[in-house]
Each structure stands twice: as C-alpha cells, then as structure tokens.
Amino acid sequence: QQKAVPEARAAFERAIALYRQVPAASPFYWEAQLRVANDLNDLKRVDEALALLRAMAKERPDGYEAHFRLGNLLREHERYPEAIEAYDRAFERAESARQTNWALYYARGMALERAHRFERAESDLLRALELRPEQPFILNYLAYMWIDQGVNLDRAREMIKRAVDLRPDDGYIVDSLGWAYYRTGEFEQAVNHLERAVELRPVDPVINDHLGDAY
C-alpha cells in the first residue's frame, strides 16, 4: 500500500506529460488540457489546476466549459463563494445550454446551498429538476435541503422515496430517506432506513450519526 501512492503519482505525472504534448491545433487539445487540470488536482497541485482552468476560460471567451469545470473544482475544495462566481460566469456564456443543461443548475445549486444562499439554491435545484424530473441526485439534494430547513417535508419525503426507487443501493440517498422520517418523528421507520444506509456506507460519519440520533 505504501508503494501504491508514489506509483500512482508517477502515473499521473506521465499522463500530464503526454497530454501536454497534444498540439494546440489538434481537435483533442482542449480535452487534453481539461485532463491535465484533473490530474493536477489529483496530485494535490490545486493552484496549478485552477490557474490552468482560468487560462482556458480566457482562451475561449465564448465557451462555458472551463468556467464550469473551475466551479466544480472550487466546490470540491469547499471554496463556495468562488465556485458560485465561476458558475455565474459559465451561465453568462451558456445561453443555449441554459435551456437544456440540468448539470449547470444542479452544480451551482449545490454551491449556493453550501454557502447558505438557500433561496437561490432552491431556484437552481428546482430548475434542474424541471429539466430532469427523474434525476435521483437532484431529487435527493433538493429534498434533503428542505428537510434540513424543516420545510416542504411531505413533498421532500416523496421525492426521496422516488430517488431511493431509482438508486436503492445508494447509501447517501437511503440515509436521506431515514433522516426525513427522523425529522417528522417517525423514529422506527427512520431506524429501518438508516440501518440500511449504514450497511451500504458503514464508515460514513454523518450516516452513523443520523442512526445514533434515531436510536
């Protein structure tokens, strides 16, 4: 196991070197640069990854992909205000995609929720759900936000039930359903689902904490 880490690092370094050999005139250049950013992030060279994505955004001022990837990376590192700004830039450049791309709304909605900007988060997540009504992650995220706030509990629970139907072996979504029952005082039901969630995700601290609350 101790040897695996340097071996993995060496593989990422080799991949970066190869991607950087793709010429700018190649149709694969843009995708290669995005992969470089991903690999830099995996190597914990976050500032380099962010700098590359920002440079790419300047390179294609009419595109939104680099800003979207930038927002995702910033959100991953819990830099939520910066992530929101990057997503806002992506939206400014994604006029046609705004009509169909649920992932834009979902990603920005998550960043807004994490930044406690709940009204805007709800708006984005509802729009994402409108574009993709059966997307289990949207159903789960929006419903969990409502449950945490103690609002729309009946609708939230029905949404999570549907998400569980779609992804019955997803521990996080099963946890959400258990937590919904907990918040409405139905503790036996909560325990049933939270025990199942712990079976699916036994080392997750939040899920175990939820089960402890239900017990």
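Just so you know, all these numbers are worked out from the coordinates, no wet-lab data involved. Quantities reported herein were computed from a predicted structural model and do not represent experimental measurements. Backbone-built Cβ (ideal geometry, glycine too); neighbour counts: all protein chains shown.
Among the trypsin sites (Lys or Arg not before Pro) in the range 8-81, which ones are in a DSSP loop with at most 15 other Cβ atoms within 10 Å of the Cβ? Mind listing them?
Qualifying residues, ordered by number: R20, K44.
Just from the alpha-carbon atoms, what are the Rg and Dmax of the chain in angstroms?
Taking only Cα atoms of the chain, I get Rg and Dmax of 20.0, 62 Å.
Using only Cα atoms, find the angle between the long axis of helix 205-214 and the longest principal axis of the chain, and express it within 0 to 90 degrees, rounded to the nearest 10.
10
Below 8 Å between Cα atoms, with a sequence gap of 6+, how large is the relative contact order for the range 17-148 in percent?
Across the range 17-148, relative contact order equals 14 percent.
When only C-alpha pairs under 8 Å and at least 6 residues apart count, what is the relative contact order of the range 77-159, in percent?
22
What's the center-to-center distance, using Cα atoms, between the range 39-112 and the range 140-215 in Å?
30
Is the C-alpha gyration tensor of the range 1-89 telling us rounded, prolate or oblate? Criteria: a/c under 1.5 is rounded; beyond that, a/b larger than b/c is prolate, otherwise oblate.
Oblate shape, in that a/c is at least 1.5 and b/c is the bigger or equal ratio.
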